[in-house]
Amino acid sequence: MEEILIVDDEASVVEVVSLYLKRDGYRVRQAIDGSGALAAIRERVPNLLILDLMLPQIDGMEVLRRIREDLQLDLPVIMLTARGQEIDRVYGLEMGADDYVTKPFSPIELVARVKAVLRRVGGGTGKGGVERPINFTDLMIDPTSRNVTAYDLAIELTATEFNLLQFMANRPNQVFSRKQLLEHVWGFSDFVDPSTVTVHIRRLREKIEKDPSDPRWLQTVWGVGYKFEPGETE
């Protein structure tokens with residue numbers, strides 16, 4: 001049974017979300033502040049974290065930073081943000097959050113997001129079976145181990161970053177709009193800011209490209225979207 005850790009200082013939010021998650025078969029743990037969240041994660045890493053950004057003591061952004069940088073965990077994270085916190089949402093995505101939901105939200109929508117993120121983590125974008133590594137000159141993507149190597153360096157990617165890269169690399173030279181990428185990689189496009197894709201593309205470029213401002217693989221097609229330029233394959 002997959003376990004979800006909910007971190008929010010609003011008891012009503014935690015109670016309702018927990019009810020809906022348990023009804024769908026998830027095990028739920030709770031924390032009301034950043035310190036409690038980090039302690040719970042150190043005790044046992046959950047399958048997914050639902051993290052409110054506005055927390056007492058240690059705020060959600062600092063919790064996210066510590067998860068990624070200090071604990072070095074590729075833990076799937078869905079942020080809860082208030083309306084008007086666009087800058088925080090973008091920064092959270094840049095820090096490695098997988099998705100966000102804006103308050104007030106529908107518990108049914110949040111559960112749908114949880115399922116979509118867990119599907120991406122567990123199954124990637126493949127269609128089943130053993131998938132062979134995708135090899136390009138200076139870039140290797142291994143769907144089985146979910147390892148990526150660029151210029152002979154091991155690259156650490158979040159689950160969503162890996163799925164986005166794998167999806168595009170499997171469809172070289174095909175141009176996708178941000179809405180199409182949300183539908184294929186995230187599993188939905190309704191109620192999601194398309195800038196989510198922009199942030200993840202930027203993070204991928206910073207990790208795999210020698211010069212992110214002049215990308216070799218992840219190219220922008222102005223006015224349309226993005227494509228993966230394969231160059232020479234091995």
- Task: With a point put 7 Å past each Cα toward its Cβ, work out how far Thr220 is from Ala39 in nm, to one decimal.
- Result: 4.5 nm
- Item | C-alpha long axis of helix 34-43 to longest principal axis of the chain, angle in ° | 70 degrees
- What are the lysines whose alpha-carbon lies under 28 Å from the alpha-carbon of Lys227, with same-chain residues fewer than 8 places away excluded? Lys115, Lys127, Lys179, Lys207, Lys210
- Message: More than 18 angstrom separation, counting every C-alpha pair in the stretch 134-228; what % is that?
- Response: 41 percent
- Message: From the C-alpha coordinates alone, can you work out the Kirkwood hydrodynamic radius of the stretch 3-123, in Å?
- Response: 14.0 Å
- Item | Euclidean distance of C-alpha centroids, the stretch 160-234 and the stretch 47-82, integer Å | 24 Å
- Query: Using a Förster distance of 41 Å, how high is the FRET efficiency between Arg132 and Gln57, based on the Cβ-Cβ distance and rounded to 0.05?
  - Reply: 0.30
- Message: Which of Met168, Met95, Met1 has the fewest other C-beta atoms within 10 Å, and how do the rest follow up to the most?
- Response: Met1, Met95, Met168
- Could you work out how far helix 107-123 tilts from the main Cα principal axis of the chain, as a 0 to 90 degree angle to the nearest 10? 40 degrees
- Roughly speaking, what is the stretch gain from Val16 to Glu3, that is 0.36 nm per residue apart minus the C-alpha to C-alpha distance, in nm to one decimal? 3.1 nm
- Quote to one decimal, in nm, the extra length available between Arg27 and Phe188 on full extension: 0.36 nm per residue of separation minus the C-alpha distance between them. 55.5 nm
- Query: What is the log10 of I(q)/I(0) for the chain, computed with the Debye formula using one identical point scatterer on each Cα and no solvent, at q = 0.10, 0.11, 0.15 Å⁻¹?
  - Reply: -0.46, -0.56, -1.02
- Using alpha-carbon coordinates, inclination of helix 195-208 to the longest axis of the chain, degrees: 60 degrees
- Do any trypsin sites (Lys or Arg not before Pro) in the stretch 3-56 lie in a DSSP loop with no more than 11 other beta carbon atoms within 10 Å, and if so, which? Arg44
- Task: Just order 46-53, 60-67, 10-17 by mean Cβ neighbour count inside 10 Å, highest at the front, would you?
- Result: 46-53, 60-67, 10-17
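Values in this text are rule-based calculations from the coordinates and carry no lab data. Note that this is a predicted model, so its numbers are computed, not measured. Note: ideal-geometry Cβ built from the backbone for every residue, glycine included; neighbour counts use all protein chains shown.
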